[in-house]
Amino acid sequence: MQRSCSATIRCMYRLIFLSLALVASSALAGPNIPAGDLVLRHDIQRLADAGVITGPTTTWPLAWGPILADIRNVDATVLSPAILDALTRVKNRADWETRSTELTFKAKASAADDATRIRSFQDTPRGKAEVAAGVGWIGDRISVDLNVQYVDSDQDDDDLRYDDSMIGVVLGNYSVAASTMQRWWGPGWDGSLILSNNARPIPSLSIDRVFTDAFKTKWLSWLGPWDLNVMFGQMEKERYVPNTKFFGMRFNFRPIPSLEIGLSRTAQWCGDGRPCDFETFVDLLLGQDNRGSDGLDDSTEPGNQLAGFDFRWALSFFDLPVAVYGQFTGEDEAGGFPSRYLAQGGVEVSGYLRNKWSYRWFAELAGTSCDFVSDDIFNCAYNHGIYQTGYRYRGRAVGHGADNDARLISTGWLMVDEKDAQWRVLLRFGELNRGGSPDTRQSLTATPQDIASIDLSHSRVFSFGVIDIGVGYEQIDDAASGGDFNDGRAYLQWRSSY
């Protein structure tokens, strides 16, 4: 499948590079918050919807710096009990994770009977057994977070890992880091079409804006608080084009407090036997990579790209916080804009029960076939004629966990009390690999499957750490074999207290 996305979206990059030149404010080096903690994300989003946190919140990792600045300046006496509850948990977490000039240590261990096939935002075990340890240190401009894991996994034979690590330095208002942190780009709670934590994190050099203050100039101040994330990653050797490079860029902003908009672009390029020079990267950056145009053929095509946009709009319905969101990611280009969109949309509601339980409910529909909203094109999304391993890393999709050609409905519920006891429920219904013929590149199933699943999990804080336990059940109807299968799963996870 030929892919190239958004030549005219290059104006976005001109704006981004202009901002890099214009902004140079002082910032403290502080740790980022990787994707994976569903309740912490819930609390941060509650504070953002209430106006306590002013910056964008749909690009993970999030920097602690702007969050700390906002929550330390708020007048807590004017907050409702529900918002004060979220503020207390976020402040406690921030105080622990941003301790400076002292070493911090952490550990984690888990056991799982069959890891979940489709990974959501919540960080659940990736293998049958995992033991992890880490150490961190924060200075005025340098931040170090080193982690090592030993994992027994059927999905990946890389047993010794250094995921969720970062060594960063703050230059002006930007953090430059060598990073293997988990990322999530977009407003979805169960999936992201362009970059999620479904696959293991891609080792990257990242450049991230720290504080998200608005532009001072009148020409750009209408954007409101904004964020910028750029990554240059290295994919694995064991793929069709070994040592493929990964590029990603995201710009998101809040023009009004209730609306957040994100523009994202990613690309696979370079690799063994492929062009890797600066001119190739410039062509890729400018969207000049359509085979058959500009003299390009299979040997000179710069890369395999995706681009798109997303939004989240917070509302109030009978004093109940409600939000609607959507994400649209193009697999191709037409007339200078992304086309052949994958699509995702959802609605979420948050609230406070019995002056004790903070909760969030969401419902989400994701379609991962090209032109999902109009006329499905199968065996297109996350696949490519040159980079034949596709938009995948170490056996899992970099985008949505359902991989290509899925139609998935998910609904989730979470509750957390003032002692950080959590309950989480996730239900899914849908079809996987609808165009399978069979499609052996699909990471979940080579043939079409109908699925229905439920996952329940609970975590509680003890003096010796946090215990997280989860169980799940999945019913599978396979179109090729005509068989019905069921799959139960369970996990037990411990981590040191924060």
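Numbers for the structure displayed
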read-out	value
Count of residues meeting criterion [assigned to a strand (DSSP E or B), surrounded by fewer than 19 Cβ atoms within 10 Å (Cβ to Cβ) and of a type outside the set (A, V, I, L, M)] in segment 255-287	1
Some residue of segment 97-118 being touching a helix residue (DSSP H, G or I) at 6+ places or on another chain (Cβ under 6 Å) and under 29 Å from LEU195 (Cβ atoms)	yes
Residues (of a type in the set (D, E, K, R) and out of contact with any Ser or Thr (no Cβ under 7 Å at 6 or more places or on another chain)) located in segment 129-181	ASP140, ARG141, ASP152, ASP154, ASP156, ASP157, ASP158, ASP159, ARG161
Selection within segment 384-395 - part of a strand (DSSP E or B) and modelled with pLDDT under 95	none
Residue among ALA421, ALA406, ALA381 that is under 30 Å from LEU84 (Cα atoms) and either touching a Ser or Thr at 6+ places or on another chain (Cβ under 9 Å) or modelled with pLDDT of 95 or more (or both)	ALA421
Selection from segment 358-369 of residues that are in contact (Cβ under 8 Å) with a residue 60 or more places away in the chain and either surrounded by fewer than 18 Cβ atoms within 10 Å (Cβ to Cβ) or of a type in the set (Lys, Arg) (or both)	ARG360
Filtered residue count, segment 136-184, keeping only those that are of a type outside the set (Val, Ile, Thr), part of a loop (DSSP other than H, G, I, E, B) and either modelled with pLDDT under 90 or within 30 Å of SER443 (Cα to Cα) (or both)	17
Qualifying residue in segment 113-129 (condition: crowded, with 22+ Cβ neighbours inside 10 Å, of a type outside the set (Ser, Thr, Tyr) and farther than 30 Å from ASN486 by Cβ)	no
Residue in segment 130-139 that is closer than 30 Å to ARG407 by Cα and over 22 Å from the mean Cα position of the chain (by Cα) present	no
Residue list for segment 425-444, restricted to those being more than 18 Å from THR368 (Cα to Cα) and buried (at least 21 other Cβ atoms within 10 Å of the Cβ)	LEU426
Identity of the residue in segment 324-347, more than 14 Å from ASP310 (Cα to Cα) and assigned to a strand (DSSP E or B), that ends up modelled with the highest pLDDT	ARG340
Test result for PHE372, of a type in the set (A, V, I, L, M, F, W, C), over 18 Å from THR445 (Cα atoms) and crowded, with 23+ Cβ neighbours inside 10 Å	yes
Subset of segment 319-367 [under 25 Å from HIS384 (Cα atoms) and of a type in the set (A, V, I, L, M, F, W, C)]	PHE328, ALA334, PHE337, LEU342, ALA343, LEU365, ALA366
Count of residues meeting criterion [over 16 Å from GLN449 (Cα atoms), surrounded by fewer than 23 Cβ atoms within 10 Å (Cβ to Cβ), under 21 Å from the mean Cα position of the chain (by Cα) and among the hydrophobic types (A, V, I, L, M, F, W, C)] in segment 407-417	1
Residue check for ALA199: of a type in the set (A, V, I, L, M) and buried (at least 16 other Cβ atoms within 10 Å of the Cβ)	yes
Helices (runs of 4 or more DSSP H) completely within segment 33-121 that count 3 or more residues being modelled with pLDDT under 95	64-73, 81-97
Considering residues of segment 444-498 that are touching a residue at least 60 places away in the same chain (Cβ under 8 Å) and basic (Lys, Arg) only, the residue farthest from ILE33 (Cα to Cα)	ARG489
Search result, residues across segment 418-432 that are more than 15 Å from TYR359 (Cβ to Cβ) and within 22 Å of the chain's Cα centre (by Cα)	LEU427, ARG428, PHE429, GLY430, LEU432
In segment 134-188, the residues that are aliphatic (A, V, I, L, M) and either touching a residue at least 40 places away in the same chain (Cβ under 8 Å) or under 29 Å from THR329 (Cβ atoms) (or both)	ILE138, ILE142, MET166, VAL169, VAL170, VAL176, ALA177, ALA178, MET181
Residues of segment 484-498 that turn out to be closer than 27 Å to PRO448 by Cβ and either surrounded by 15 or more Cβ atoms within 10 Å (Cβ to Cβ) or out of contact with any strand residue (DSSP E or B) (no Cβ under 8 Å at 6 or more places or on another chain) (or both), as a count	1
Top-ranked residue in segment 277-303 [being of a type in the set (Gly, Ala, Ser) and under 19 Å from THR244 (Cα atoms); ranked as modelled with the highest pLDDT]	GLY303
Residue list for segment 43-69, restricted to those being farther than 24 Å from ALA177 by Cα and touching a helix residue (DSSP H, G or I) at 6+ places or on another chain (Cβ under 8 Å)	ASP43, ARG46, LEU47, ALA50, VAL52, ILE53, THR54
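The values are calculated or read from the model by the stated rules, or taken from the named source; none is laboratory data. Here the structure is a predicted model, which means the values were calculated and not measured. Note that we place each Cβ from the backbone using ideal geometry, even for glycine, and neighbour counts take in every protein chain shown.
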